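The values are calculated or read from the model by the stated rules, or taken from the named source; none is laboratory data. Just so we're clear, the structure is a prediction, and the values are computed from it rather than from any experiment. Please note: Cβ atoms are built from the backbone with ideal geometry, for glycine as well, and neighbour counts cover all protein chains shown.
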Amino acid sequence: MEDIKILLVDDERLVRRSLEKTLMRAGFDVETAGDVQEGLELFQEALDEGEPFDIAILDLNMPNFEGHDDPDAGLELLSRLLALTPDLPVIVLTAFDEVSRAKKAVAGGARAYFVKGREAGLIELVHEILGD
């Protein structure tokens, strides 16, 4: 099977590094971004190069495209990524186990919602969504 290419976007450096290491150890090809703008740029570059991401993992709460803290910045990025690639599988990360925000993310097109801190479960979720 080809390498699975994951876009990971989270503004918390330590969380981003931890998730990146976990995913890379599981054999995934991971590119990271620290904000929604950088995430969108990486996604667009990969599309332009003909090497699109297989799945995106996005934090919900981070600075938005205007640089202001926004609990729903990840939802804005989600909608922009899906506008470019409508069938892109997306997992939304959050630090808070909030059902209403989970439903909002899934209603916005995310395939799943994942609460940070249970990294092993994230690998299972990626495999489940990608069907391998």
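Among the residues of the stretch 71-82, are any modelled with pLDDT under 95, within 14 Å of the chain's Cα centre (by Cα) and of a type in the set (S, T, N, Q)?
So far as the stretch 71-82 goes, no, none of its residues is modelled with pLDDT under 95, within 14 Å of the chain's Cα centre (by Cα) and of a type in the set (S, T, N, Q).
So G109 ticks every box in (1) surrounded by fewer than 16 Cβ atoms within 10 Å (Cβ to Cβ); (2) at positive phi but one. Which box is left unticked?
G109 satisfies every listed condition except (1).
Quick one: in the stretch 25-40, of everything that is assigned to a strand (DSSP E or B) and not aliphatic (A, V, I, L, M), which residue is surrounded by the fewest Cβ atoms within 10 Å (Cβ to Cβ)?
Once the filter is applied, the top-ranked residue is D29.
Taking only pairs six or more apart or across chains, which ones have beta-carbon atoms under 8 Å, a first residue in the stretch 19-31 that is closer than 17 Å to L93 by Cα, and a second residue that is among the charged types (D, E, K, R) and part of a helix (DSSP H, G or I)?
That search, which allows pairs on different chains as well, returns L19/E119; T22/E119; V30/E20.
Check R101, R118 and return the single one that is over 14 Å from the mean Cα position of the chain (by Cα) and crowded, with 16+ Cβ neighbours inside 10 Å. Walk me through how you get there before you give the answer.
Values: R118 fails: crowded, with 16+ Cβ neighbours inside 10 Å.
Just a single option satisfies the conditions, and that option is R101.
How about the stretch 41-67: which of its residues are within 24 Å of K103 (Cβ to Cβ), at pLDDT 95 or above and surrounded by fewer than 18 Cβ atoms within 10 Å (Cβ to Cβ)?
Passing the criteria: only F65.
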